[in-house]
1. In segment 78-98, which residue that is within 16 Å of A56 (Cα to Cα) and in contact (Cβ under 8 Å) with a residue 24 or more places away in the chain is surrounded by the most Cβ atoms within 10 Å (Cβ to Cβ)?
2. Counting just the residues of segment 105-119 that are at pLDDT 90 or above and not polar (S, T, N, Q), which one comes out surrounded by the most Cβ atoms within 10 Å (Cβ to Cβ)?
3. Got at least one residue in segment 115-125 being among the hydroxyl-bearing types (S, T, Y), without any contact (Cβ under 8 Å) to a residue 24 or more places away in the chain and touching a strand residue (DSSP E or B) at 6+ places or on another chain (Cβ under 9 Å)?
4. For S142, which of the numbered conditions (1) modelled with pLDDT under 90; (2) hydroxyl-bearing (S, T, Y); (3) not in a loop (DSSP other than H, G, I, E, B) fails to hold?
5. Which of the following residues is surrounded by 11 or more Cβ atoms within 10 Å (Cβ to Cβ), over 28 Å from G116 (Cα atoms) and touching a residue at least 60 places away in the same chain (Cβ under 8 Å): V60, V71?
6. Give segment 131-162 a look and list any residue that's farther than 27 Å from I47 by Cα, surrounded by 16 or more Cβ atoms within 10 Å (Cβ to Cβ) and β-branched (V, I, T), or say none.
Amino acid sequence: MTGRKASGITVAMKKSHTGFTLIELMITLVIAGLLLGMAVPSFTSTIRNNRLTAEANNLVTAFNIARSEAVKRRSTVTICPSTDQTSCNGDSWDDGWIVLDDDENEVIQVFSPMKGNPTIDSTADSVQYTAAGFLNGGAAISIGICMEGGDEGRQINITATGRPNNVTPYPEC
């Protein structure tokens with residue numbers, strides 16, 4: 001026992017104990033578990049929406065590459081679904097797609113299949129850009145993307161002049 005003398009009397013100094021009791025620790029863990037249980041479903045939705053946005057942006061990137069390559073090469077460039085990443089043999093955009101120089105029959109860039117089991121609905125089986133950067137055929141194209149279990153989707157519109165853009169507000173699936 002430590003002490004000090006005050007007028008000849010030794011006074012014992014009380015030691016303070018710091019820490020948690022078992023009950024305090026259990027209550028803290030229960031509260032943390034409840035908060036985590038409420039946050040996980042929201043976090044899953046956030047992951048799904050971020051994945052959907054990334055995949056839609058990936059598709060817009062492909063259209064921008066195809067358009068710029070068509071103008072740069074002064075040739076016709078096609079974006080089409082592809083299962084083997086060497087030819088336009090895919091039935092659906094979610095199989096993956098390629099950017100292909102039609103005049104040289106050269107694959108410019110390969111895009112792998114989308115992650116997360118998306119459903120893609122398109123008004124065109126493939127998109128073809130002319131040497132001027134416009135859509136071949138002159139009709140605007142719309143592509144909708146939905147993730148499995150998601151409420152919101154993404155929509156990409158390509159104008160007749162060939163410019164792709166994401167539509168906001170997001171459409172419902």
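The values are calculated or read from the model by the stated rules, or taken from the named source; none is laboratory data. All of these numbers come straight from a predicted model, not from anything done at the bench. In this analysis, Cβ positions are derived from the backbone assuming ideal geometry, glycine residues included, and neighbour counts consider all displayed protein chains.
1. Among them, the one singled out is W97.
2. F111
3. Step one: filter segment 115-125 for residues among the hydroxyl-bearing types (S, T, Y), giving 119, 122-123.
From what is left, the residues that are without any contact (Cβ under 8 Å) to a residue 24 or more places away in the chain are 123.
Filter once more, keeping what is touching a strand residue (DSSP E or B) at 6+ places or on another chain (Cβ under 9 Å): 123.
Scanning segment 115-125 turns up at least one residue that is among the hydroxyl-bearing types (S, T, Y), without any contact (Cβ under 8 Å) to a residue 24 or more places away in the chain and touching a strand residue (DSSP E or B) at 6+ places or on another chain (Cβ under 9 Å).
4. So S142 meets the others, but not (1).
5. Details: V60 fails: over 28 Å from G116 (Cα atoms).
Going through V60, V71 in turn, just one is surrounded by 11 or more Cβ atoms within 10 Å (Cβ to Cβ), over 28 Å from G116 (Cα atoms) and touching a residue at least 60 places away in the same chain (Cβ under 8 Å): V71.
6. Quick first cut of segment 131-162, residues farther than 27 Å from I47 by Cα only: 131-141, 159-162.
Keeping just the survivors that are surrounded by 16 or more Cβ atoms within 10 Å (Cβ to Cβ) gives 133-136, 141, 162.
If the condition is that a residue be farther than 27 Å from I47 by Cα, surrounded by 16 or more Cβ atoms within 10 Å (Cβ to Cβ) and β-branched (V, I, T), then I141 is the only one that fits.
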